[in-house]
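Heads up: the structure comes next, in structure tokens.
The values are calculated or read from the model by the stated rules, or taken from the named source; none is laboratory data. Owing to the predicted nature of the structure, the values given are computational and were not obtained by experimental measurement. So basically every Cβ, Gly included, is an ideal-geometry build from the backbone, and we count neighbours across all protein chains shown.
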């Protein structure tokens, strides 16, 4: 996986990277994560709520790292996980800044049954 880490630290974006960042993460994950974050600002989340929210956020971040799914991520070393997590987070923040209208619309939309945590 060291090749993966080298590719992640490259500053040149591929067409696939750009397409993914423009498309955005799964809306149900994003809506669920936004609601969790909002709730966490006002109260302590239960263990299950925190776990589910964390899982949604991990899926969001991994969306922005082509070629790394949840199963791939679990097989990485701690160093590799940290690198992948940071790249996914930075790309999410970049996407979030460029898509504030989408984020705002999802943050006020009611949760639907499909927004439930995915294992």
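Just checking, does the range 7-23 include any residue being at pLDDT 90 or above, within 30 Å of residue 110 (Cα to Cα) and surrounded by 13 or more Cβ atoms within 10 Å (Cβ to Cβ)? No, the range 7-23 contains no residue that is at pLDDT 90 or above, within 30 Å of residue 110 (Cα to Cα) and surrounded by 13 or more Cβ atoms within 10 Å (Cβ to Cβ). With respect to (1) touching a residue at least 12 places away in the same chain (Cβ under 8 Å); (2) exposed (fewer than 14 other Cβ atoms within 10 Å of the Cβ), the lone exception for residue 29 is condition (2). Scanning the range 60-76 for residues that are surrounded by fewer than 19 Cβ atoms within 10 Å (Cβ to Cβ), in contact with a helix residue (DSSP H, G or I) (Cβ under 9 Å, 6 or more places away or on another chain) and not in a loop (DSSP other than H, G, I, E, B) yields a count of 4.
On inspection, residue 94 qualifies as closer than 18 Å to residue 23 by Cβ, at pLDDT 95 or above and part of a helix (DSSP H, G or I). Pairing residues of the range 88-104 that are farther than 16 Å from residue 29 by Cβ with residues that are surrounded by 12 or more Cβ atoms within 10 Å (Cβ to Cβ), at Cβ distances under 7 Å and at least 6 apart in sequence or on separate chains, gives 94/21. Evaluated against (1) closer than 21 Å to residue 108 by Cα; (2) exposed (fewer than 15 other Cβ atoms within 10 Å of the Cβ), residue 51 falls short on exactly one condition, (1). Flag not set for residue 35, criterion: modelled with pLDDT of 95 or more, in a helix (DSSP H, G or I) and in contact with a helix residue (DSSP H, G or I) (Cβ under 9 Å, 6 or more places away or on another chain). Considering every residue within the range 77-86, establish whether at least one is modelled with pLDDT under 95 and either farther than 27 Å from residue 105 by Cα or not in a loop (DSSP other than H, G, I, E, B) (or both). The answer is no; no qualifying residue exists.
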